[in-house]
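Below is one structure; the comments refer to it alone.
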Amino acid sequence: MKNVFQIVGYQNSGKTTLMEKLIKSASEAGLHTASIKHHGHGGVPDSKDSSRHQQAGAAVAGVEGEGVLQLNIKQENWTLSAILNLYSLFSVDFVFIEGFKKETYPKAVLIKNQKDLLLLELENIQCVISWIKLPEMNCPVFSIEAEDEYLPFILKNYVFLL
């Protein structure tokens, strides 16, 4: 699937809030969006974050954790590829992915503190949104407070190219 963008970061770095804003902007522009969240905290996921994605305008919102894809479909293990294949059955223009750090789709990385710098080794990073001061990198680096810069960057370069 080509119309995909990931938001990755550790817990409480702002991923879901950023997802909401991107989904809302894309939906307001007339795109039918979908979201996939990886529930990486252990246990079967609850629908709190996928509900936030739906309220922001996602036509399809799912969350995956411990083999449960919260579209009420259970199987032994869900790969992102299998979930995207399922989503291809829906009429959506764009899929936002929250999590699945090791996948190689274009992504924004959220850095909240020094421990999060390990995330900068991930593949296909298109921009970094940081709570702390970072040196220049091979991609744009935005302060978490510069929403008026990073939201248009992501939307213009990855979402509205359709």
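The values are calculated or read from the model by the stated rules, or taken from the named source; none is laboratory data. Remember, it's a predicted structure, so these values are computed and weren't measured experimentally. Glycine also receives a Cβ, built like all others from the backbone with ideal geometry; neighbour counts cover every protein chain displayed.
Details
- Looking only at residues of segment 131-151 that are of a type in the set (D, E, K, R) and not in a helix (DSSP H, G or I), we find that the one that is nearest to E121 (Cα to Cα) is E136.
- Among the residues making up segment 152-162, those that are in contact (Cβ under 8 Å) with a residue 40 or more places away in the chain and farther than 20 Å from L120 by Cα are L155, V159, F160, L162.
- Subset of segment 25-51 that is among the charged types (D, E, K, R) and within 13 Å of the chain's Cα centre (by Cα) - its residue that is modelled with the highest pLDDT: K37
- Hey, E149 within 20 Å of Q11 (Cα to Cα), surrounded by fewer than 17 Cβ atoms within 10 Å (Cβ to Cβ) and of a type outside the set (F, W, Y) or not: no
- Cβ-Cβ under 9 Å pairs, at least 6 apart or on other chains, segment 84-104 side over 11 Å from K37 (Cβ atoms), far side hydroxyl-bearing (S, T, Y) and outside any loop (DSSP other than H, G, I, E, B): V92/T33; D93/T33; F94/T33; F94/Y158; V95/T33; V95/S35; V95/Y87; E103/S81
- Some residue of segment 149-158 being of a type outside the set (A, V, I, L, M) and either over 17 Å from M19 (Cα atoms) or touching a His at 6+ places or on another chain (Cβ under 6 Å) (or both): no
- Scanning segment 111-130 for residues that are farther than 21 Å from A34 by Cβ and outside any helix (DSSP H, G or I) turns up I111, K112, N113, L122, E123, I125, C127, V128, I129, S130.
- If you go through segment 72-110 and keep only what is over 13 Å from the mean Cα position of the chain (by Cα), of a type outside the set (A, V, I, L, M, F, W, C) and assigned to a loop (DSSP other than H, G, I, E, B), you end up with N72, Q75, E76, N77, T79, S88, S91, D93.
- For segment 105-126, the set of residues classified as farther than 24 Å from V63 by Cα and free of Cβ contacts under 8 Å to residues at least 60 places away in the same chain consists of N113, Q114, L117, L118, L120, E121, listed by residue number.
- Residues satisfying the stated conditions in segment 124-145, i.e. touching a Lys or Arg at 6+ places or on another chain (Cβ under 8 Å) and over 12 Å from G9 (Cβ atoms): N124, Q126, I132
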